[in-house]
Amino acid sequence: MPDSITITDNRTGESVELPIVDGGVEATEWRKLLPNIWFYDEALMTTAMTQSAITYLDGDAGILRYRGYPIEQLAEQSTYLEVAYLLLHGELPTEAQYEAWTHDITYHTYIHENVRKRFLEGFHYDAHPMGMLVSAMAALSTFYPEAKEIFDQDIRQKQIVRLIAKMPTLAAACHRFSVGMPFVYPDNTLSFAENFLSMMNKVAEPHYQADPRLSRALDLLFILHADHEQNCGTTAMRTVGSAHADPYIAASAAAAALYGPRHGGANEQVIHMLNEIGSIDNVEAFVKSVKDGSGGRLQGFGHRVYKNYDPRAKIIKQTADDVFAITGKSPLLDIALKLEDIALSDEYFTSRKLYPNVDFYSGLIYQALGFPIEMFTVLFAIPRTAGWLAHWEEQLEQDAKIARPRQLYVGVPERSYTPIATR
Ligand SMILES: CC(C)(COP(=O)(O)OP(=O)(O)OC[C@H]1O[C@@H](n2cnc3c(N)ncnc32)[C@H](O)[C@@H]1OP(=O)(O)O)[C@@H](O)C(=O)NCCC(=O)NCCS
């Protein structure tokens, strides 16, 4: 067996030869040889926790495909709702399937009045919309108790449609509340992205129609963010889902992970960083401070798996130009371009394979589209819901075991309790 490894238990002399398949080895056989021996793998950096047929990612080559389709082709030719269908069903829809799917999503965009009136409006006036969204997603579980029937196909499909459809409504409701504006009901005559922009921006006009070039740019950003295989949020979805929690609860856990600045919160950090740099004259000094450790990390740079230019960042950079042609250039763009230029020709970044990731330019586009910074991670969560749900469903179909890793205990050995008076 040329493409294999041999594991020998030196205590017994027993060995097992394991084939290397798709770049890895399966644990089942060595687990039998080495019962009760665990492998320490911090943050699961070398452990595949699941098999998945949804997204293919080659971080060294900068390749991303959903169900086999290159992200570049989907970004150019598809729509977010078609991509959501593809992620969930494995195939692109026929015209009739696409029409039925779009109709279903469009007619499930309303949220129960009590979600907004009793729940969302109970938040403090300055609540961060992402905190509100995470809570609202979990709260949906209490409005649809049948969602617990996760093995009933019809019920499961209904919740998938509901969650994808209601995410923009919840997101816009969180935003409107946080800026003191009245809630805008969904408009079924609009596309997914247009409807979201209407719920975000409508004031007194009877019908809000976004510039089609801007709603297309937003839809494209939704496509790029729809899935990214086993990232932190998706792993949270699969971990919570493996306990057979309902999809609202599992997705709220995934969204909670996404909220972190090392994950989906990075686009917000990029704008803070660019604002702090303030001028292209300060870029070189800033890069120096990143390198000597005093300036923190270069936000929007680096990735656990991309050790090459993130293919989504390439597409986003092009989209940024298209959006700025309509909205006017962001004053932060020149700083970002110079930062990228300097970093990509600096040995510190090249030797560590640190390239711009999806968040480096997405924040600038969101800002140009008029979204406040606090909404950036919310804008990521809306489309990622399709990916989370695709993984959740795949896992249920795999009849996956409950996620339960081992730990390496490094605490004190057994000791006796001492009464408080003698401590
Ligand atoms: C994404 C991220 C968390 C991946 O982290 P990781 O795979 O665990 O990589 P590490 O933290 O081990 O970093 C490897 C090396 O690169 C450096 N590095 C990584 N990202 C860096 C960044 N953005 N700026 C400066 N240095 C960075 C680390 O300091 C480390 O250097 P060292 O080997 O001298 O100690 C990390 O690159 C990061 O914090 N990026 C900024 C936040 C961001 O944009 N997140 C969005 C991801 S889509």
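The figures follow:
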| read-out | value |
| --- | --- |
| Largest to smallest accessible area among Thr189, Thr28 [probe 1.4 Å] | Thr189, Thr28 |
| Dipole magnitude of the chain about its Cα centre (Cβ charges: Lys, Arg +1; Asp, Glu -1), debye to nearest 20 | 1260 debye |
| Hits among aspartates and glutamates - C-alpha to C-alpha of Lys329 under 13 Å, sequence gap 8 or more where chains match | Asp321 |
| Proximal charge balance of Gln73 [Cβ under 13 Å; K/R count +1, D/E count -1] | -1 |
| Per residue, in Å², the accessible surface of the chain once ligands and nucleic acids are set aside, probe 1.4 Å | 50 Å² |
| Listed pairs Lys288/Lys314; Lys148/Lys401; Lys288/Lys353; Lys166/Lys202 exceeding 20 Å between Cα atoms | Lys288/Lys314 |
| Positive minus negative residues near Ala325 (Lys, Arg vs Asp, Glu; Cβ under 14 Å) | +1 |
| Pairwise label distance in nanometres, Thr50 with Asp281, each label 7 Å out on the Cα-Cβ vector | 5.2 nm |
| Local electrostatic count at Asp187 - Lys and Arg +1, Asp and Glu -1, tallied over other residues with Cβ under 9 Å | 0 |
| For region 148-214: rounded, prolate or oblate by the Cα gyration tensor [a/c cutoff 1.5] | prolate |
| Asp152, Asp60, Asp359, ranked by accessible area, largest first (probe 1.4 Å) | Asp60, Asp152, Asp359 |
| Three-way shape call for region 257-360 based on the alpha-carbon gyration tensor, with the a/c threshold at 1.5 | rounded |
| Of the DSSP H helices in the chain, those whose Cα atoms cover at least 18 Å axially and whose Kyte score averages -1.0 or more | 129-143, 153-178, 212-225, 311-327, 376-397 |
| Residue order for Trp30, Trp392 - accessible surface, 1.4 angstrom probe, largest first | Trp30, Trp392 |
| Estimated inter-spin distance, Lys117 and Ala61, nm [label 7 Å along Cα→Cβ] | 5.6 nm |
| Accessible carbon and sulfur surface of the chain relative to its total accessible area, %, 1.4 Å | 52 percent |
| Listed residues Ser289, Leu364, Thr418: farthest to the positive end of the dipole of the chain (Cβ charges) | Thr418 |
| Rounded FRET efficiency, nearest 0.05, which uses the C-beta distance separating Tyr69 from Val16 and R0 of 30 Å | 0.20 |
| Among 173-181, 130-138, the order from most to least packed when residues are scored by Cβ within 10 Å on average | 130-138, 173-181 |
| Ile20 long-range amide H proximity, modeled H, under 5 Å | Ser4, Ile5 |
| Region 118-255 - charge dipole about Cα centre, Lys and Arg +1 at Cβ, Asp and Glu -1, debye rounded to 20 | 100 debye |
| Lys329 - accessible surface, heavy atoms, 1.4 Å probe, Å² rounded to 10 | 120 Å² |
| Chain lengthening between Asp321 and Met181 when straightened (0.36 nm per residue, less Cα-Cα) | 47.3 nm |
| In region 1-104, the trypsin sites (Lys or Arg not before Pro) that fall in loop regions by DSSP, at most 14 other Cβ within 10 Å | Arg11 |
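The values are calculated or read from the model by the stated rules, or taken from the named source; none is laboratory data. All figures in this text were calculated on a predicted structure; none of them were measured in a lab. With ideal geometry, Cβ positions are generated from the backbone for all residues, glycine too; neighbour counts draw on all protein chains shown. We work out accessible area using only protein heavy atoms, side chains counted, and drop any ligands, DNA or RNA first. Shrake-Rupley method; radii C 1.70, N 1.55, O 1.52, S 1.80 Å.
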